[in-house]
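The values are calculated or read from the model by the stated rules, or taken from the named source; none is laboratory data. Everything numeric in this text was worked out from a predicted model, so none of it was measured. Using ideal geometry, Cβ is built from the backbone for each residue, glycine included, and neighbour counts are taken over all protein chains shown. These area figures cover heavy atoms from the full protein model, side chains too; ligands, DNA and RNA do not enter into them. Shrake-Rupley method; radii C 1.70, N 1.55, O 1.52, S 1.80 Å.
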Amino acid sequence: MPFLDTWRSPFEPVVHLSFTGTGLAFRPRQDTQDAHEGQDGQDGCGPGAGEGLRSPSLDEAADAVLAQIERLEVQKARLEAGIVDAYAALHTIEEQQLARLVTRAPVPLTAEQVVTQEIACATGVGAAEVARRLELARAPWRHRVLRERLRAGTVGLYRALQVVAETRLLADEVLPELEATVLAPAPDGSVASQRLFATRLRRCVRSADSRGEQQRRRWAAGRRTAYGRIIEDGMGTFTVVATAERVVGVLDRVDALARSARAAGDERTLEQLRSDLLCDLALFGVVPAGSAAADGDGLTCGGLLAEAPPAVVRIVVPFEVAAGLSDAACEIPGHGWVTARHARRIMTAPGSVWQRLAVEVDSGRALELSTERYAPTPAMVEHVRAVDGVCRAPGCQVPAQRCDLDHLVPWPRGETRVSNFESLSRGCHNGKTAGVWTVCRVGDDGISWTSLAGREYITYPKDWREALRDPGTGPPDDPPDDPPDDPHGTSADDPPPF
C-alpha cells in the first residue's frame, strides 16, 4: 500500500517522497532556489518557464506509474484476446452438441443463444455483453485486423466491440482498411482519444456503406423498441426507439400541448408538462382539458385526465411496511424498487385493489393466493407465478407474469398440478425443450439445471421478504416516514396500522 513519508511544498528546499508496494522509491533534488523563476532567470516565459515550480521526483514518479498503467492496459488487451478465442472455441463445441439435439427436438434455438446463456451463467457477465463478444469471436477472418490488434495489445476489447457493432452491415472486403484507419494513432503518434476514435469510426462507416442507406435504415427500424426502468427518488424513465419522423412528431405534439396548457394558466414548467402530457397520451390516448392534481406528497404530476381509468401497477408490499413497522423497499415486479413511503402511497391511492399473498416468514416463499390452489384454472397459473416470481431458469430475471407456464416433467408423464409447473421465459423454455438443459426437481423446492457443458445451477422460489432482511430496514422512527423537519409530526398519506 503506497504511503507518504514526508511532504512539503515544492517551493521549500526539501521534498522526501517514498512509495512502497509499487516498486518505486524516489528522492528529489534539493536545488529549488529558482522555484519562482523560469530557467535563465526569465519570469515565466521562454524554454525553461515554470520548471522551477515542478518537483523532478514527482515527475519521475508520475511517469513511472503512467508507464505501468500503459503496460497493464496492453496485458489486459492480450487477455481479452484470449477470452475472445475461448468464446470461439466454446461456440464450435456447443454448435456440434446442439446439432445432435435439434435432430430430436427442433426448436427456434441457435448456437449463439446457447453459448450466450452458458457463459452468462458461468461468469456473471451480462447476456448482451456476451453476445457482443461472441459476434467478434465468430468472425475471425472478417475482423482479422481487430483480432490481430487485440492479440498485440494495441486495442482493447471495448473499442473492438464498438467497431464490430458499427460495421455490422458493411461488406467483408472493406473492413481491413477501415479498421486500420480507425485504429491508427493520433496525428502526433500518441494513442487516439476516445472522441477521435469515435469520430473516425462514424466517418469511415458512412463513407464505406456500400449497401446503402436504405438497407441500413431497414435494419435499424427492425430494432425499434420501448423500455423503461425505475430510477432514484421514486421516479422512472422510459426510452422509445422509433423512426426519426415519428419521434419528432411526438415531441412536437407534446410541446404544442404543453405550451397551450401554459398559455391557459397551468403553473407547471414546460418540462414538467411535456412529461405529464406524454404519459397521459401513452396511458389513455387523449388529453382532455383538466386541472393538475397533487399526489400525497404535494407533487403535481399529471392530473390532466381526472376521469380516466387507473393504470395497472403491481407492487408487493410486506405487511410490516404496510403497517408502518418497517422502511424496507418494495418491489414493482419486473421494474425495480420504490421506497416504503412511496409504496404506501401507491397502495392507498383511490381505486387500488389489494390481493393477499401469504408467504413463509423464514424463507419468504409464497404459500398461497386468495384463490383456489390446485384447480386447473387461471388461479393455478397465478399461484405458480406467485411462487416463482421470475423465470426459474438460471440467471434469468424475466418476471413470471411474462413467462410461459411449463410442465417440469413433460405431460402426459408429468401431472398437471402446481408442483409440476415452473415459469419459464420463451427463450429458456425453448432451451429446455431442445434438451440444451437437463432439468429436475431437487430438495427444498429447488430446480436443478444442467447445461451442455455439465455445469449445474439450482434455482429457488422467489423470496418475497428479501428486502426486509436488508440492512437499515428495521422499524422507522416514530412517527413512521415523517420528514425530519415536519412540524406536525404526522404524515397524512400514511395509512393507519392494521
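For segment 445-470, filtering for residues that are open to solvent by 70 Å² or more (accessible area, probe 1.4 Å), in a strand (DSSP E or B) and over 30 Å from PHE319 (Cβ atoms) leaves 1.
Selection within segment 52-63: residues that are assigned to a helix (DSSP H, G or I) and touching a residue at least 12 places away in the same chain (Cβ under 8 Å). The member of this set that is farthest from THR110 (Cα to Cα) is GLY52. Give the residues of segment 432-446 that are within 18 Å of ALA120 (Cβ to Cβ) and in contact (Cβ under 8 Å) with a residue 40 or more places away in the chain, sorted by residue number. Once the filter is applied, which keeps residues that are within 18 Å of ALA120 (Cβ to Cβ) and in contact (Cβ under 8 Å) with a residue 40 or more places away in the chain, segment 432-446 yields ALA434, VAL436, TRP437. Confirm whether VAL387 is more than 30 Å from THR123 (Cβ to Cβ), surrounded by 14 or more Cβ atoms within 10 Å (Cβ to Cβ) and out of contact with any Ser or Thr (no Cβ under 8 Å at 6 or more places or on another chain). It is false that VAL387 is more than 30 Å from THR123 (Cβ to Cβ), surrounded by 14 or more Cβ atoms within 10 Å (Cβ to Cβ) and out of contact with any Ser or Thr (no Cβ under 8 Å at 6 or more places or on another chain). Condition first: surrounded by fewer than 20 Cβ atoms within 10 Å (Cβ to Cβ), small (Gly, Ala, Ser) and in contact with a Lys or Arg (Cβ under 8 Å, 6 or more places away or on another chain). Now tell me which residues in segment 77-99 satisfy that. Listed by number, the list holds a single entry, ALA88.
Residues in segment 64-87: is at least one aromatic (Phe, Trp, Tyr) and either in a helix (DSSP H, G or I) or on the phi > 0 side of the Ramachandran plot (or both)? Yes, that holds for at least one residue. Pairing residues of segment 159-177 that are without any contact (Cβ under 8 Å) to a residue 12 or more places away in the chain and within 10 Å of LEU146 (Cβ to Cβ) with residues that are exposed (fewer than 15 other Cβ atoms within 10 Å of the Cβ) and of a type in the set (D, E, K, R), at Cβ distances under 6 Å and at least 6 apart in sequence or on separate chains, gives no pairs at all. On the stretch given as segment 235-253, residues that are in a strand (DSSP E or B) and under 22 Å from LEU270 (Cα atoms) total 5. Taken together, ALA467, ALA393 contain a single residue that is in contact (Cβ under 8 Å) with a residue 12 or more places away in the chain, closer than 25 Å to LEU98 by Cβ and of a type in the set (A, V, I, L, M, F, W, C), which is ALA393. Of all residues in segment 214-234, those satisfying the criterion of being surrounded by 10 or more Cβ atoms within 10 Å (Cβ to Cβ), modelled with pLDDT under 85 and either in a loop (DSSP other than H, G, I, E, B) or not aliphatic (A, V, I, L, M) (or both) are GLN215, ARG216, ARG217, ARG218, TRP219, GLY228, ARG229, ILE231, GLY234.
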